[in-house]
Amino acid sequence: MCGIIGYIGGQPSAPILLQALKRLEYRGYDSAGIAVPGNGGFSRIRRQGNLAHLEKAVDLSTLEATIGIGHTRWATHGHPSEANAHPHFDCSQQIVVVHNGIIENFHQLRLDLIGRGHEFTSETDTEVLAHLIEEAYAGDLAAAVTAALGYVEGSYALVAMAVGSPRELVGARHDSPLVLGLGAGELFIASDIPAMLDHTREVIIIENGELVRLTEAGYEISNRAGDPVERDSLKIDWDVAAAEKGGYEDFMLKEIHEQPRAVAETIRARVTADGRVDLPNLDMSQAELKRVKKVTIIACGTSYHAGLLAKTHIETWARVPVEVDSSSEFRYRDPILTEDTLVVAITQSGETADTLAGVKIAKKKGAQVLAVTNVVGSTITREADGVIYTYAGPEIGVAATKTLIAQMTALTLFGLLLAQVNGRTNHEFQETLAELEQIPAKIESILARAETLLGWAESFHHVDDLLFLGRGVSYPMAMEGALKLKEISYIHAEGYPGGEMKHGPIALITDGLPVVVLAPKDNVYDKIMGNIHEAEARGAHILVIASEGDEEIGGLAERVFYIPKTLDLLSPLLSVVPLQLLSYYIAKRRGCNVDQPRNLAKSVTVE
Ligand code: M6R
C-alpha cells in the first residue's frame, strides 16, 4: 500500500506534490520521491526514509514545472532504498511512473525485458511498467500505457508521464484505489482523497479497468474497451483527518474493513494456476523444507495467536510437529533446537525486541529461521534466512487487526506448502486452497453486518469481566478476542479453551457474566455446546459466534453472530472479525481512544 499523486495545473507542482505526499504518508513511509519536467527530461528526487528526508533534499527554487508526479512507498518488492523508491524511469529516462499495487508476473516480464535489452536499476515490480510503456510509446502516452497493461497481471494504480507528451498525465487502475480531483484550472490524481483536499473537494472515483488522461484541456476517462466513460463527480465534506481514515472514525475500524484486501493481497500470486503454493521469498529449497522435522514458532501478543493457529494447520496438513513459544520466554529458556528445526518468527513490525532476540538465539544454535512480517526491510528480514511477507499495508492503529489476518493467511499458505513438499497434496489440500480464495468475500459479508454488534456493545460495555471460550482452532481466537478487548477497552478478559473450564475457571462464572463462545460447526462443535450449557446453567450471558444455518445454537444463546460456512480449519479467518468489531464497539462506547490505547506502543522495540 503506497500513496501516489499526480498534478497538472498552473502552479509549480513540486510544493503541491510534497504537500499531497504528506497527506498520504499514512499509506507508506519507507521512502518517497517526486519527478517533474526539467532540463529537457525529468528532474527526479528520491530519498529513503519518511517524507521529511525528501523535503530536505528538494530545492523548490529549481523546480518550476507545473506538472509532476510523486510517491510515498510501503515496500512490497525490493527493500526500502533510494534505488527502489519511486518514481521509476525507463532505460532512457523518457518515461516516468509511480505505482501502487503488486505486479504478480513482474519476474517473467523483467526477464523478457532484459532479454530484449532493457536495463533495470531497481528491484521493484514497478520498474517493468516503465520499460513496457517505453516499448509501446510512439507519441501517444495513453495508447502506450494501455498496451503495456495488456502484459500485466496483478493490482495497480499508476500515473505515468513521458518527455514526448509534455503536458499530459495518464493514470490507470486495477484493484488499487485511484481518485481524480477537479480543481480550478488544475487536476489531481491520487491514491486517496486526502492528497487533494487542500485544493479541491470535487472528486471522481476511477474504477477498475479504467484509464484516465489529464491534460490542460481537461480529463478523459475510458474503459478497458477504450470507450469514453462519463461519471458524475462527488463533493467531499470530510476534513483531512477523516479522509485519511477513509471516512471511518478511527484507523482501527478502517483497518478492520481492509481485511478482505489484506487476505487477497497475501494470497495473490502465491497460488499457481495448477493449484500449488509458491512462496518466493522463502529462500529455502524443496530439499531444505523436506528436511524440517520440527517447527518452533516464536512471537508476541497477537502474532503469538497467529502462531497457535499455525500449529494446528502445520501439524494437520504436513504432519510436522510444532511448538509455539512466546518470544520473551523462548529467549531465556535454552530451547532445544537442532539443524532439522525450522524456527518461524512472526512479527508484523519486524522490530519486536523479544522476537529478534529469539531469532539470534535460534541462529546461534544452528536452526534455520523464517520470518513472517508485514514490513519489508525491517530488522527481522535481515536477521532471518527467509521471509514470508504479509501484504496488509501499514497498520496505524496500535491494536493489530489486518496484520493478524494477513499473518494467519500467510501461515495457512506455509502450512500447505509444507504439506506439498511432504507429498500431502490430497483432496483436503486442494479444497483448502480453493476455499482460501473465497475468504475475502466471506469477510466482506461479515463486515456488511458489523453494526449488529453495536447492540452487544450497548448491553455489555459496562462490565468488569468478560470470558472468551473456544476449542480447537477457535481457542487461539478466544485468546485474541480477550487480548483485543483488554488492550482497547481496559475490561478484564480471559480467553480459555472450553475443555479447561471445569479445571478451575468455571468457578468465576456467576450470574450476569458475559461469555463469548466461538462455536463454528466443526469437529469440536458438540464439545463447545457442552461448555455453553455449563456456563448458561450458572447464569452467564451467552454470546455466540456460530456458523450460518445453525438454528440449534440460536435457541440456546442470548445473542448469535453468524459467520459464513467454511472449512473447519479456516473458520478463524472469519470468526476473528466479529471479535475485533465487538472490542472496537465496546471500547468506543466506553469513550476509549482505540487507535492509541494507554501504555501501549505499535512496535515494542525494547525488552
Ligand atoms: O510487531 P509484532 O507483531 O511483533 O508485535 C507483537 C505484539 O507487540 C503485538 O501483537 C501486540 O500484542 C499488539 N498490540 C496486539 O494488538
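The values are calculated or read from the model by the stated rules, or taken from the named source; none is laboratory data. Keep in mind that what you see is a predicted model, and the values were worked out from it rather than measured. Note that we place each Cβ from the backbone using ideal geometry, even for glycine, and neighbour counts take in every protein chain shown. With ligands, DNA and RNA removed, areas are computed over all heavy atoms of the protein, side chains included. Shrake-Rupley method; radii C 1.70, N 1.55, O 1.52, S 1.80 Å.
Dimensions of region 422-480 from C-alpha coordinates, computed as largest minus smallest value along each principal axis and given longest first, are 52, 26, 12 Å.
What is the chain's relative contact order, in percent, from Cα pairs under 8 angstrom and six or more apart in sequence?
Averaging sequence separation for qualifying contacts and normalising by length gives 11 percent for the chain.
Remark: C-alpha extents of region 475-607 on the principal axes read 44, 33, 30 Å, sorted largest to smallest.
Across region 176-291, the mean sequence separation of Cα contacts (distance under 8 Å, 6 or more residues apart), normalised by length, yields a relative contact order of 16 percent. The fraction of accessible area contributed by carbon and sulfur in region 232-315 is 49 percent, rounded to a whole number (1.4 Å probe; ligands and nucleic acids excluded).
Short to long, the 10 Å bins of the Cα pair-distance histogram for region 397-547 hold 10, 33, 35, 17, 5, 0 percent of all pairs. Rolled with a 1.4 Å probe across the full set of protein chains, the surface gives residue 391 an accessible area near 30 Å². Please compute the volume of the convex hull spanned by the alpha-carbon atoms of region 302-460 and report it per residue in Å³. Convex hull of Cα atoms, per residue: 139 Å³.
Each Lys and Arg contributes +1 and each Asp and Glu -1, all at the Cβ; summed about the Cα centre of region 226-304, the dipole is approximately 840 debye. Relative to the longest principal axis of the Cα atoms of the chain, the long axis of helix 106-115 makes an angle of roughly 40 degrees. For region 369-484, the equivalent ellipsoid built from the Cα gyration tensor has semi-axes of 30, 21, 15 Å, listed from largest to smallest.
Cα convex hull, region 1-59: 84 Å³ per residue, rounded to a whole number. Computed from the Kirkwood radius of its Cα pairs, the Stokes-Einstein diffusion coefficient for the chain at 25 °C and 0.890 mPa s stands at 97 µm²/s. Treating only the Cα positions of region 473-537 as identical point scatterers, give the base-10 log of I(q)/I(0) from the Debye formula at each q in 0.16, 0.17, 0.20 Å⁻¹. Calculated log10 I(q)/I(0) at the listed q: -0.53, -0.60, -0.83. Ligands, DNA and RNA left out, the 1.4 Å accessible surface of region 484-607 is 48% carbon and sulfur atoms. Summed over qualifying helices (DSSP H, 4 residues or more, each -39500 (n - 2.57)) and divided by its residue number, the chain shows a 222 nm mean residue ellipticity of -10500 deg cm²/dmol. Here's how it looks for residue 560: its modeled amide H is under 5 Å from those of 544, which are all 5 or more places away or on a different chain.
Accessible area of region 364-435 with a 1.4 Å probe: how many percent of it is carbon plus sulfur? Carbon and sulfur: 45 percent of the exposed surface of region 364-435. For helix 127-136, what angle does its Cα long axis make with the longest principal axis of the chain, in degrees from 0 to 90 and rounded to 10? Rounded to the nearest ten degrees, it is 40.
Computed log10 I(q)/I(0) for region 1-123 at 0.10, 0.13, 0.22 Å⁻¹: -0.29, -0.49, -1.27, from the Debye equation with unit scatterers placed on every C-alpha and solvent omitted. DSSP beta bridges in the chain, what fraction antiparallel, as a percent rounded to 5? Around 60 percent of the beta bridges assigned by DSSP in the chain are antiparallel ones. Heavy-atom accessible area with a 1.4 Å probe sorts 213, 333, 73, largest first, into 333, 213, 73.
Across all Cα pairs in region 326-383, the calculated P(r) in 10 Å bins from zero up to the longest distance comes to 26, 57, 16 percent per bin.
Contact order for region 126-173, expressed relative to its length and based on alpha carbon pairs under 8 Å spaced 6+ residues apart, stands at 30 percent. Size descriptors for region 332-419 (Cα atoms only): Rg and Dmax, in that order, 13.1, 38 Å. In terms of overall dimensions, region 272-318 has a Cα radius of gyration and Dmax of 12.8, 36 angstrom. The angle between the Cα long axis of helix 427-436 and the longest principal axis of the Cα atoms of the chain comes to about 60 degrees, rounded to the nearest 10. With N counted as the residues of region 221-276, its alpha-carbon radius of gyration over 2.2 N^0.38 Å works out to 1.73.
Centroid-to-centroid, using Cα positions, region 190-222 and region 37-85 are 21 Å apart. Taken over region 560-607, the alpha-carbon convex hull comes to 118 cubic angstrom per residue. The Cα-based radius of gyration of region 251-390, divided by its Kirkwood radius, gives an Rg/Rh of 0.96.
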